[in-house]
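Working notes, beginning with the structure itself.
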Amino acid sequence: MAFSDDVRQELARVIPSARCCRVSELSAFYDLSGFLLGRHNQFLDFNTSSPFVARKILIMLKGLYSELPTQVLVVRSKSRRSQICTVRVLGRAHAGQVYQDLKEQSVVGEAGIPRKKCCRRAYLRGAFLVSGSITNPERTYHLEFSSEQSRVADKILAALWSLDLEAGLTQRKGSLVVYMKDGGQIASLLGLMGAHSALLHFENVRVMKEMRNQVNRLVNCETANVDKTVKAAVAQLEDIELIDSVIGLEELPPKLREVARLRREHPYASLQELGELMRPKLSKSGVNYRLRQIREKARQLDKLVPKH
Ligand SMILES: [Zn+2]
């Protein structure tokens, strides 16, 4: 199952205990998928593709309003692959009362977001349940909410910002998309919404990925060093060949001749390894000094050799 569905199922089981939070979460459902319908506004509908979310809406409505007349409708698409579940509040008076309560809730505080932090978390949970999605963290870090109404997208954005979460806004196929890209920030939001199992999984993946990256960085670093060593050795061998072909290695002072001979015999040895092979042994910087002298000699000779 997609990670998004895991998160949704987990959040669908979270029923806030405080009345303020229940109303806030329902107001998110209404903002994103609710309608007042009928010639006399006698229906208030909440639509969702998830039966788990429909069940949650029903439980919260029944908890807030005793003896609220409701109806659940399920419409399947022709292919039967998707469905729309509608939780409907019946009757003008009831629909009107719920509508009024949710509207009042949705205009409190700055930027139209709930004043209390607990309620802003509940609002985001509701918004995610209806319009949110999250990419499997194995692939990449991406969480988003989408809405066709700019008022609602702004509200989600403001709620995220008010909780110190970074989020951006973009447009896609006529919808406004509020998105988050940072792994740490997404983890915080999962925690704030109450998706604790999903958060645990998300963080495990994040730790594994971070470790893998570190290992890769080390391997790359190692490879780069090996590259450098090989390139330097190739240049040294070229210098030695040049000297040998122009004047012959026997013309070099004994100390340089020895290092040139060892380099030829051990083309892939590091400077330190070459030093170990010398008699008497020589330090890495000592070997380096002699190889630089060879280089210098080769440069001088190179200038003398006529070029074609
Ligand atoms: Zn609250």
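Coordinate-derived values only; no laboratory data. None of the values given here were measured: they were computed from a predicted structure. All Cβ positions, even for glycine, are placed from backbone atoms using ideal geometry, and neighbour counts span all protein chains on display.
Computed values, structure above
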item: 0 to 90° range, to nearest 10: angle between helix 254-265 axis and the chain longest Cα axis; result: 50
item: Highest-fluctuation residue, Glu144, Glu238, Glu222 considered, GNM on the chain with Cα pairs under 10 Å; result: Glu238
item: Size of the chain as Cα extents on the principal axes (Å, biggest first); result: 109, 42, 41
item: All-pairs Cα distance distribution in the range 225-267, expressed in whole percent, bin size 5 Å; result: 5, 24, 30, 22, 11, 6, 2
item: Mean separation of Cα contacts under 8 Å (6+ apart) over length of the range 41-127, as relative contact order %; result: 31
item: Shape parameters for the range 1-158, alpha-carbon atoms, Rg then Dmax in Å; result: 15.4, 50
item: For peptides 239-247, 275-283, sequence by mean Cβ density within 10 Å, most packed first; result: 239-247, 275-283
item: Computed over the range 3-194: relative contact order in percent, which uses C-alpha pairs under 8 Å that are six or more apart; result: 22
item: Compactness of the range 210-304 - radius of gyration and Dmax, Cα, Å; result: 16.0, 56
item: The chain, helix-only ellipticity at 222 nm - DSSP H runs n ≥ 4, -39,500 (n - 2.57), divided by all residues, nearest 500; result: -20000 deg cm²/dmol
item: Entries of Lys78/Lys155; Lys228/Lys284; Lys173/Lys209; Lys56/Lys209 with Cα pairs more than 27 Å apart; result: Lys78/Lys155; Lys173/Lys209; Lys56/Lys209
